Every structure is written in C-alpha cells, then in structure tokens.
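**Student:** For reference, the structure I am asking about is given below.
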Amino acid sequence: MDSVGADIDASGKVLSKEELILRRERAGRCVTCGVKCYEKTFTLFNKRVPLTVPGQVLNGICLRCHPEEQLAASVTAELSDSSNNTSTRSISVGKMMAQKLKFSKKKSETAPCSEESDEPRGSSSSITDHSTSYLRRMTPRPSSLTEDLKDAASIMQQLENYQIDDEHHSKCTDEVNGTAISTSEKDALQALNQQDLSYADIVNIMAKNPQLAVMNEGLYALSLIHELDSNTAEETVNYGGFDVIINAMDVCAKDGIAQVNACKVIFIACLNGENVQRDIARAGAMKSLRNSIESFSDDEIVLEGCLLALSSLCIVEDNIVYMFEGDLIDQVIITMNGHVDCGGLQEHGCVILGLLARNVEARRRISKACGFNSIVISMAINHGDVEVQCQALTAVRAFCAIDDDSCKVLLATSGAVNAVLEAMKAHPDLNRVHEIGCDVIRLLSLGRNDDNNRLLGENGTCTAVVRSMWSHSQNIAIQERAVEALAVLSEHSNNIPVILDAGGVEAVLAAMHTFAESPHVQIKGCAMLSNFASAVDSIKVKIVDEGALDVIVMAM
C-alpha cells in the first residue's frame, strides 16, 4: 500500500498511513487509491452495499488496484446465474471456465505469471510442464461468490480466542445472495482474505470453522502456496492438518473449483516425501478423489487435478492398497479412455499405472480393465506431447521390468512395441525417449515368449535401436541400454541378419571404442559379438572385417 497517498482530518492534521487506511475503510473506499467502492444502507443491519462502476469498481472491488478480479467476478456471475444455492450447486469447472481460462497446451506452458489471477506465494517445484501449468491455472476466489470480504482488521486475534461449541456459537447472520452467513463464518472468511497467512494459520481457521464457505476459501488460500517447506509439512502431519484438508474436500464435494484447489494442495504437499504422502492417504484422500472423479466425470480440469494428486500419492507403495477401494483403478482407466486428447490427464494417468505395476493385485486389475490399451492409445493420440510419451514409456518399462511374461505378452498384443518405436521416431533428438525406449526393447527381449521375440525382430526394432545409437553416440546411458538390447535380440538367430543389415555391428563396435571404460558396454558388446560368432561363416567374416577382434582384445 505504498501508494495510499496522504490526507488530512478536520483540524488540518496530516493522517498517518494507518489512520488513512482506517478512514477509507469506514467510508467504504478503496484503501489504496480512495475510489468509492461501497454505499452504506441505514437499516437495522447497517449493511454495506457493494458498488459497480463500469471500468472502475466491480461488486465493491476496485479494478484499478485489483485488475485480476475482473475475470474472477465474470466467472462468479455465471455461477450465480446457474444457481443461488452455494451449498447444493455442482460447478462444472471444465465447461464453464474453459472459455475464460484459454488454457490450450501451448499457452499453459508459456503463459507469464502476469496473466494469472493471483500470483502464487513461492515458486512451483512441480516435476513436469503439465503439472506446472495446472498449478498456475486460474480459479476465482470463492469468497467473491458470496460477498465482499475485504479490509479485515483484527480478525486473526478474535479467531485465536474463538472456540466453536453449542453454547458460544453466534446466532447472528447476514443474508448474502440468499445464503445465511454466521458472524463467526464471516469473520473466518475475512481472516482468510488477509495477505501472508501461514499454512498453519489457514488450516487452523478451517479446523475451527468447518462450514462450506470457510472450507472452500481455505482450500483456495492453501492452493496459492506453491512452496511448502518440509518442516511445515511435517507439522501439518503431526497436528492432523491433512485430516482437515481432506475433510474440506469432502465438505465441498459438489464444488468443482474447490476440488481443483484441493488437488493442487495435495500434490504440492506430497512433494515433501513419503511421510506426508502416507498421512494424506490415511486421511482418506483416495476416497475423496474417487468421489470427485465420479462427480465430475465430464470435467477435464477437475479430472486432471484428481489424477495429478493420485499420481503423487501412489509413489509410496503402502498407499496402493487404497486404490483397491471403490474400483479406483478402473476409474482411472475409464477417465483416460474418456479424455484421450487431454495431455496433462494422460500424463498423470500413465504415471499412476506405472507406479501400480509394483503390486500384483494392481497389475491384475489393470490387465482386466485393459489398462495396457489405454497407455498405447495415449501414446498414439498424444504423439507430439513429450511428457505423455516419456511417462507412457516409463509405465511400459515398469510392467516389462516385472518378472511376469503375461504382462509383456499383453503389452505386445496391445501394440506397445509399435508405440515405442513411433515415439523414438517422432522424437529423434530427445535423450529421455530413446533411453527409456531402448530399455523397454531390452526388457521385452528378455521375455520367454517366442511370438514377442519374433515381433521384435520383424517390425523394425533392431533398426530403431541402431538409429538411436548413431543419433546419441555420446550418451552413455542410451549406449548401454541399446548395446544390451541388441545383445539380447541377437540371442535369437533370426534377428542376427536383421541386426547386421541395420548396421548393428558397426554401432556396437563404435560404442565399445567410445566408452572403453564402461564395463557394461564392453560386456554386453562382447555378448552380442559372441552371439554373432555362432552364425554362418559369411557373417563371422563380416564382423571380423569390421574390426571386431581388435575391439574384443581391447575390452580384455
């Protein structure tokens, strides 16, 4: 409020900054610039009526000092038109906000902070572009849906002394937009609109005031804190704060905006490690997220948030058991199948499936629900989305790494091999895609299914691996996985001529020369050359002519 200016009282005394702010508050003016925002009504309740002056004030909010409120207020108007009952309405965020947010994939990845409704406190430490974009996606301030709650003064001190019980609970209410708001609830909402509240302050207010409006406002306030330090997260675990947050999600179950904010809060908190992830799951987060998925099955923004939150909770293997409640695994796959072109949703869905691969029962349920098909479809539809490709490849690798040939057969019959090869072809310069892709091919080759091994030799797999080696000749991770993949593929005699024609011998020898200090490259390179030594004489002569003997001696 450095620009509040100066003023004088009736005696000519210059008012201090604090006196000027108080004077403007009482007069119904903006505390920063002094524009008139409210009119007082001299009735029994002496209420303030918010003004609307086109281009200057909107519902009591100064647009000069708070230009970000323009979008939130316009969304509010649409919500109010749909229903006046805030406790029962179901808000479809995807349908209502999509046109206003304009969050196409390209814009969400590059949009500057100035285009957002509220600048998050702290910076996002999200893992991928999709999750970063989701955290930065705008939602309107919930309190703007009911009444003006600006200019809170000493509410925090009152809340510290306030205890909710039947004896002391205030019966006084204001009537706002047809909804009864108790005095204590209004005070809590005012407190939540103060600047620089700590995480603990917000949760404490929510714990003491478990009404819908307060819970909604609290989730919004928490969602703006994008950098939650580990000490605060652990304290929140210790005093049951995440129980309060999950309860707020349930209280606001019919409000899509609240669900979006809750998903953000869960994801951000989970970045602080396994103890926090376990506590949030114990508090009932999986059940709440499942209910949200069912309630907002057509709302991509809510659904993307739910899968984002679930992907962070499934990191801890102990939490996977919660996924078995209420067919949540089926719900994830159904959600992916119903929104195949939503990149963020597909990315998070693939992360969830990949993390579930560690659990036998989860794998059974995924197989039964045709989850492998969902991964392949995701890769095919979102072929240009790097994050989707990488997470889908990682999920395929997770299933291939399990000593379960049935998973590998299902993946191959679902078209996973072709999907992997297409990803490597579509992203020739991306190290991550080729490293994971070569590893998937290696793991699939290790299977004991002859049909899979024949498929790998016939559909251009060997050529794709060799191409990766030449394109990423200085990347040791890709070289190690590619050399091992060719070594495993060459165990099947039918693949040897294919590898030879693709230039596999030259590529492996070049890798052994370049990474002479890598035991893995040397061992697997020699293994492949050994497999070639069992081939016909013409092939033996060719690999000797390529300098294989010199390389083998050097490896020794």
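The values are calculated or read from the model by the stated rules, or taken from the named source; none is laboratory data. Keep in mind that this is a model prediction, so the values were computed, not measured. Cβ: placed from backbone, ideal geometry, glycine included. Neighbour counts: every protein chain shown. The protein model used for the area step is the full one, side chains on, heavy atoms only, and it has no ligands, DNA or RNA in it. Shrake-Rupley method; radii C 1.70, N 1.55, O 1.52, S 1.80 Å.
**Student:** What part of the accessible area of segment 241-304, given as a whole %, is carbon or sulfur when the probe is 1.4 angstrom?
**Tutor:** Carbon plus sulfur share of accessible area: 42 percent.
**Student:** What FRET efficiency comes out for the pair Glu234/Asp196, r = Cβ-Cβ distance, R0 = 22 Å, nearest 0.05?
**Tutor:** Calculated transfer efficiency: 0.55.
**Student:** Beyond a 30 Å Cα-Cα separation, which of these cross-linked pairs lie in this structure: Lys287/Lys368; Lys36/Lys208; Lys208/Lys287; Lys36/Lys264? Present the calculation step by step, with values, prior to reporting the outcome.
**Tutor:** On the way: Lys287/Lys368 21 Å; Lys36/Lys208 34 Å; Lys208/Lys287 23 Å; Lys36/Lys264 36 Å.
Lys36/Lys208; Lys36/Lys264, as the Cα separations exceed 30 Å there.
**Student:** Considering only protein heavy atoms, what per residue accessible area in square angstrom results for segment 333-482 with a 1.4 angstrom probe?
**Tutor:** Per residue, segment 333-482 has an accessible area of 38 Å².
**Student:** Between segment 255-285 and segment 200-253, how far is it from one alpha carbon centroid to the other, in angstrom?
**Tutor:** After rounding, the separation between the Cα centres reads 10 Å.
**Student:** Carbon and sulfur together cover what percent of the accessible area of segment 306-379 at a 1.4 Å probe radius?
**Tutor:** Reported share for carbon and sulfur atoms: 54 percent.
**Student:** Given labels modelled 7 Å from the Cα in the Cβ direction, how far is it in nm from Asp429 to Glu227?
**Tutor:** 3.2
**Student:** Along its three principal axes, how long is segment 188-340 when you only count alpha carbons? Whole Å, largest extent first please.
**Tutor:** Principal axes ranked by extent give 42, 29, 22 Å for the Cα atoms.
**Student:** I need the peptides 471-484, 341-354 ranked by packing, meaning the mean over residues of other C-beta atoms within 10 angstrom, with the highest value on top.
**Tutor:** So the peptides 471-484, 341-354, ranked by packing, come out 341-354, 471-484.
**Student:** State in Å² the accessible area per residue of segment 200-330; use a 1.4 Å probe, count heavy atoms of protein chains only, and round to the nearest integer.
**Tutor:** Computed with neighbouring chains in place, this is 30 Å² per residue.
**Student:** Order the peptides 360-369, 258-267 from the highest to the lowest mean number of other Cβ atoms within 10 Å of their residues.
**Tutor:** So the peptides 360-369, 258-267, ranked by packing, come out 258-267, 360-369.
**Student:** On to the next question. Just read off the accessible area of Thr52 with the full protein assembly in place, 1.4 Å probe, to the nearest 10 Å².
**Tutor:** 80
**Student:** What is the distance, in nm, between label points placed 7 Å from the Cα along the Cα-to-Cβ direction at His383 and at Ser534?
**Tutor:** According to this spin-label approximation, the distance is 3.7 nm.
**Student:** Provide the FRET efficiency to the nearest 0.05 for the Lys368-Arg64 pair, computing r from the beta carbons and using R0 = 56 Å.
**Tutor:** For Lys368 and Arg64, the calculated efficiency is 0.45.
**Student:** Can you order the peptides 514-523, 414-423 by their average number of other Cβ atoms within 10 Å per residue, highest first?
**Tutor:** Per-residue Cβ counts within 10 Å, averaged per peptide and sorted highest first, yield 414-423, 514-523.
**Student:** Expressed as a whole percentage, what fraction of the accessible surface of segment 404-473 belongs to carbon and sulfur atoms when a 1.4 Å probe is rolled over the protein heavy atoms? Present the calculation step by step, with values, prior to reporting the outcome.
**Tutor:** Details: 1410 of 2900 Å².
About 49 percent, which is the carbon plus sulfur part of the accessible surface.
**Student:** As a test question: what accessible area, to the nearest 10 Å², does Tyr134 have when a 1.4 Å probe is rolled over all protein chains in place?
**Tutor:** Ignoring ligands and nucleic acids, Tyr134 comes out at about 0 Å².
**Student:** Follow-up question, since we're still on this one. What do the square roots of 5 times the Cα gyration tensor eigenvalues come to for segment 390-479, in whole Å, largest first, as semi-axes of the equivalent ellipsoid? Working shown, then result.
**Tutor:** Working: eigenvalues 87, 35, 26 Å².
The answer is 21, 13, 11 Å, longest axis first.
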